[in-house]
Amino acid sequence: MTTRILATSPLVGPALVDLGARFPDLRLAPFRSLEWNAALRETEALVVLVSEPITEADLEAAPRLKAIGTYSVGMDHLPLRVCQTRGITVVNTPGVLTNATADIALALLLAVTRRIAEGEALLRRGHWKGWAPDQLLGSGLAGKACGILGSGPIGLAFARRAWALDMTPLFWDREGRGGEVDFGVGRAPRLPLIDLLQRSNVLSLHCPLTDHTRGLIDRAALEQLPRGAVIINTARGGLMDENAAIDRLESGLLGGVGLDVYEGEPRVNPRWLQAPRTVLLPHLGSATVETRAAMARLLCEGLAAALAARGGFPDPGSGGPGERSERSEQVVPPDSIK
Ligand code: DGY
């Protein structure tokens with residue numbers, strides 16, 4: 001049997017099934033299973049998850065590969081430079097997970113600062129003895145500065161949420177631009193990184209992991225934050241030196257950390273599990289039914305269109321199910337390979 005599209009797992013909603021109905025030579029095989037490895041040789045398109053890193057060796061083993069679709073907006077698990085060299089189109093899912101991801105960042109921020117998990121655990125363990133003046137005191141957010149790394153759609157959406165809490169958004173972006181950012185309900189300055197860090201009572205990470213941003217929040221950067229600052233990371237674990245952050249939590253210099261992503265996940269640095277004032281989630285940023293279904297639709301339509309453009313596949317615009325809401329196909333966005 002030939003395999004033209006090789007997917008590693010079902011996706012949420014009907015999009016992948018619809019794609020399979022149109023292209024019956026779509027096959028499902030678990031990532032790196034014998035079947036998946038064997039099918040690579042004849043595969044023209046891969047569908048992978050954010051947790052499934054593709055290597056240059058995989059591309060070598062797939063001489064007919066024309067496109068890779070990732071069920072994510074992030075592409076740091078793909079060898080983008082090699083894809084570009086080999087003319088392999090990369091399809092991702094921008095746009096549709098903006099609100100869901102900003103929501104989870106907000107949930108983490110409130111959970112850390114208002115000690116939600118500790119309060120819940122106290123009650124569930126049957127240890128709650130009743131209201132007390134100084135019980136589980138957190139810290140308020142109104143009037144505080146919220147530093148946002150990245151002024152893409154998710155950074156802007158998080159800024160709107162911070163603004164709604166009466167916080168003052170501040171931006172930094174990896175292009176190092178100055179000026180102001182219009183985040184929809186207001187404008188905020190774009191600052192050099194060191195200035196932003198020194199002013200941020202809350203620091204929320206919303207930039208992609210690239211060669212340029214890896215380790216961006218290192219020990220020296222952490223030292224710039226005001227005492228008691230809170231860090232929220234819903235982007236990628238590799239943006240921050242986790243051990244340095246844990247050291248500062250343990251010494252009381254950081255007020256709290258809320259994480260949805262981890263360096264080397266699903267492995268989690270065991271020190272996080274013991275660290276005080278942390279809230280830890282298992283990479284749930286895009287995990288709503290609506291968002292994951294929209295991601296699947298965007299991915300499948302983008303992949304079919306990319307293959308049609310490369311020849312041999314019918315154009316998905318000619319009668320395929322669903323409506324194209326965003327355009328996701330691209331060879332490689334230039335700033336992803338800096
Ligand atoms: C992404 O899309 O990059 C998220 O990390 C997972 O949905």
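Among A121, A309, A45, whose mean-square fluctuation peaks in a Gaussian network model of the chain (Cα, cutoff 10 Å)?
A121
How do T55, T278, T70 rank when sorted from fewest to most other Cβ atoms within 10 Å of their own Cβ?
The order, fewest Cβ neighbours first, is T55, T278, T70.
Select from A117, G252, C207 the residue farthest towards the positive end of the dipole of the range 98-280; place +1 on Cβ of Lys and Arg, -1 on Cβ of Asp and Glu, and compute about the Cα centre.
Towards the positive end, the residue furthest out is A117.
Residue by residue through the range 46-52, which ³J(HN,Hα) values in whole Hz follow from phi under the Karplus form 6.51 cos²θ - 1.76 cosθ + 1.60 (θ = phi - 60°), with glycine and proline marked x?
Result, ordered by residue: 10, 10, 10, 9, 5, 8, 10 Hz.
Give me the percent of DSSP beta bridges within the chain that run antiparallel, rounded to the nearest 5.
Counting DSSP beta bridges with both partners in the chain, the antiparallel share is about 10 percent.
Using only the alpha carbons of the chain, determine the length spanned along each of the three principal axes and report them from longest to shortest in whole angstroms.
69, 51, 36
If you place +1 on the Cβ of every Lys and Arg, -1 on the Cβ of every Asp and Glu, and leave all else neutral, what size is the dipole of the chain about its Cα centre, to the nearest 20 Debye?
So the magnitude is around 400 debye.
What is the order of S72, S204, fewest Cβ neighbours within 10 Å to most?
Details: S72 22, S204 29.
With the sparsest Cβ surroundings first, the list reads S72, S204.
Which order do the peptides 86-96, 182-192, 257-267, 127-137 take when ranked by the mean count of other beta-carbon atoms within 10 Å per residue, highest first?
The densest-packed peptide leads the list: 86-96, 257-267, 182-192, 127-137.
Find the centroid of the Cα atoms in the range 159-216 and in the range 54-85, then give the distance between the two in whole Å.
That distance is 30 Å.
At 25 °C and a viscosity of 0.890 mPa s, what translational diffusion coefficient does Stokes-Einstein give for the range 98-280, taking Rh as the Kirkwood radius over Cα pairs? Give it in µm²/s as a whole number.
Translational diffusion coefficient: 148 µm²/s.
For R86 and Q198, what does the FRET efficiency come to when R0 = 30 Å and r is the distance between their Cβ atoms, rounded to the nearest 0.05?
For R0 = 30 Å, the calculated efficiency reads 0.10.
Using a 10 Å cut-off around each Cβ, can you sort M240, M167, M75 from fewest to most neighbouring Cβ atoms?
Lowest to highest Cβ neighbour count: M167, M75, M240.
Values in this text are rule-based calculations from the coordinates and carry no lab data. Model, not experiment: these values are computed from the prediction. Neighbour counts are summed over all protein chains in view; Cβ atoms, including those assigned to glycine, are modelled from backbone coordinates with ideal geometry.
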